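Where a number appears in this text, it was derived from the coordinates with a stated rule and is not lab data. The shown structure was predicted, so the numbers you read here are calculated from the model rather than taken from an experiment. Every residue, glycine among them, receives a Cβ derived from its backbone with ideal geometry; neighbour counts consider all protein chains shown.
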Amino acid sequence: MVLCALRRELLKSSSSCGSWARLLQRRSSGCVYSSTHDFTQKEVREKLQAFPGGSIDLLKQDSGIAVLTINNPSRMNAFSGSMMVELEEKVSQLENWSDGKGLIVRGAAGTFCSGSDLNAVRALSNPEDGMKMCMFMQNALTRLLRLPLISVALVEGKALGGGAELTTACDFRLMTSDSVIQFVHKHMGLVPGWGGAARLVHIVGSQSALKLLGGALKVDFQYGLHIGLADGVLEASQVQEDAETLLQQAENWLSRYVKGPAPVIQAVKKVAVSGRELPLSDALRTEKDVFGTVWGGPANLQALASKSKHK
Ligand SMILES: CCCC(=O)SCCNC(=O)CCNC(=O)[C@H](O)C(C)(C)COP(=O)(O)OP(=O)(O)OC[C@H]1O[C@@H](n2cnc3c(N)ncnc32)[C@H](O)[C@@H]1OP(=O)(O)O
């Protein structure tokens, strides 16, 4: 039933990126958690705002590549409650970014993210609050992964717990040679709750996912490349402008995938998302619809006129 409804929504949607964004917003609230699951986004937001600290910073660049920075260095970029709310707000802004093509998610001050802020976790440790925080973050990270932008996590230092889960909400992961991704949940008496286990299985397969979760294994860049969790390695230089140099390297890595007009890059991401998430027949029909948005479009006509050869 849900898939039929989703399919109808897709067929109704026009070619504009705004309507795709609205569709995905409706879809995420309809398909993940909404009031039908005793979940009220506004109520959870208010609760989370009671745990302030840090920020989520968004920089949208003329290149069409945005940089999202998890910024709470005094706590190794752990997510406070207000940062969870800000993350959701920044995802909403990116859903409506018609010129966007790519996204880099990184942590401030040389490390990625140490998961949820343990002070907030202690205060929200009753089951009801824990479930609501979990649903809120699943919604936000599902929408992050479904953005019509090609996204990459730039992993420096440590990505622990929820930080490891956040890396899986990007299309790709780039690791520096001294970085570690670790699903430490088992050591905390937990399992991932921000959707990280389900996404991890999609990325590395169930056998490797079970090893990473069951052993709380430290994944360095070599192991990451071996199992397909990492898509590339960046070299941190010893010079002062390290952070910018790494960011530039990540932008260079991403640039080959986001070269071209925004509507075409967004269409590429949309067909990849539908292929990843929908049953084959629905994915095929969605692909046809998305194809219809670029067929005969400016980039297509220009390519035809220039008689391009793909040597
Ligand atoms: C569904 C979500 C599940 C989750 O995410 S549960 C949370 C999982 N994450 C963790 O348990 C991380 C715990 N932290 C650590 O293991 C270590 O702090 C870590 C990240 C390896 C860094 O170690 P060090 O380099 O030795 O630095 P440190 O321990 O002195 O930390 C510097 C300051 O940052 C703080 N910090 C690090 N991670 C935090 C967190 N998640 N929540 C709240 N505060 C956190 C740490 O307490 C310390 O603060 P302070 O300087 O003592 O005031």
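Within the chain, which complete DSSP H helices have Cα atoms spanning at least 18 Å along the helix axis and a mean Kyte-Doolittle hydropathy of -0.5 or higher?
Long hydrophobic helices here: 17-31, 81-95, 127-146, 262-277, 280-294.
Mean residue ellipticity at 222 nm from the helices of the chain, using -39,500 (n - 2.57) per DSSP H segment of n ≥ 4 over the full residue count, to the nearest 500 deg cm²/dmol?
Result for the chain: -16000 deg cm²/dmol, rounded to the nearest 500.
Could you estimate the translational diffusion coefficient of the range 260-306 from the Stokes-Einstein equation, with Rh from the Kirkwood formula over C-alpha pairs, at 25 °C and 0.890 mPa s, in whole µm²/s?
Once the numbers are plugged in, D ends up at 220 µm²/s.
Give, rounded to the nearest 20 debye, the magnitude of the charge dipole that the chain has about its Cα centre when Lys and Arg contribute +1 at Cβ and Asp and Glu contribute -1 at Cβ.
Computed charge dipole of the chain: roughly 1120 debye.
Order by neighbour count: Cys113, Cys134, fewest other Cβ atoms within 10 Å first, most last.
In increasing order of surrounding Cβ atoms, one gets Cys134, Cys113.
Please arrange Asp117, Asp62, Asp282 by how many other C-beta atoms lie within 10 Å of their C-beta, fewest to most.
Starting with the residue having the fewest Cβ neighbours, the order is Asp62, Asp282, Asp117.
Count the DSSP beta bridges whose two residues both fall in the chain, then state the antiparallel fraction as a percent rounded to the nearest 5.
Close to 25 percent.
Please give the Cα centre distance for the range 271-310 versus the range 114-159, rounded to the nearest Å.
Centre-to-centre distance over Cα atoms comes out at 32 Å.
So who's got an amide H within less than 5 Å of the one on Phe39, skipping anything under 5 residues away but keeping other chains? H placed 1.01 Å off N, in plane.
Long-range HN contacts for Phe39: Ser34.
If I model a spin label at Ser34 and Thr245 as a point 7 Å from the Cα along the Cα→Cβ vector, what separation in nanometres do I get?
For the pair Ser34/Thr245, the computed spacing is 5.0 nm.
Which whole-number percent is the relative contact order of the chain (Cα, under 8 Å, 6+ apart)?
For the chain, the relative contact order is 15 percent.
When the C-alpha atoms of the range 194-270 are aligned to their principal axes, what extent does each axis show, in angstrom, from largest down?
Projected onto its principal axes, the Cα set of the range 194-270 covers 40, 39, 23 Å.
Quick one: longest stretch of the chain between exposed loop GluC sites (Glu not before Pro), exposed meaning at most 16 other C-beta atoms within 10 Å and loop per DSSP?
Longest run free of exposed loop sites: 1-234.
Run the dipole for the range 260-306 about the Cα centre, Lys and Arg Cβ at +1, Asp and Glu Cβ at -1, nothing else charged, and hand back the magnitude in debye, nearest 20.
That gives the range 260-306 a dipole magnitude of about 60 debye.
Based on the Kirkwood radius over alpha-carbon pairs, what is the Stokes-Einstein translational diffusion coefficient of the chain at 4 °C with 1.567 mPa s viscosity, in µm²/s?
The Stokes-Einstein estimate is 64 µm²/s.
Counting Lys +1, Arg +1, Asp -1, Glu -1, what net charge surrounds Gly205 among other residues with beta carbon under 13 Å of its beta carbon?
Neighbourhood net charge equals +2.
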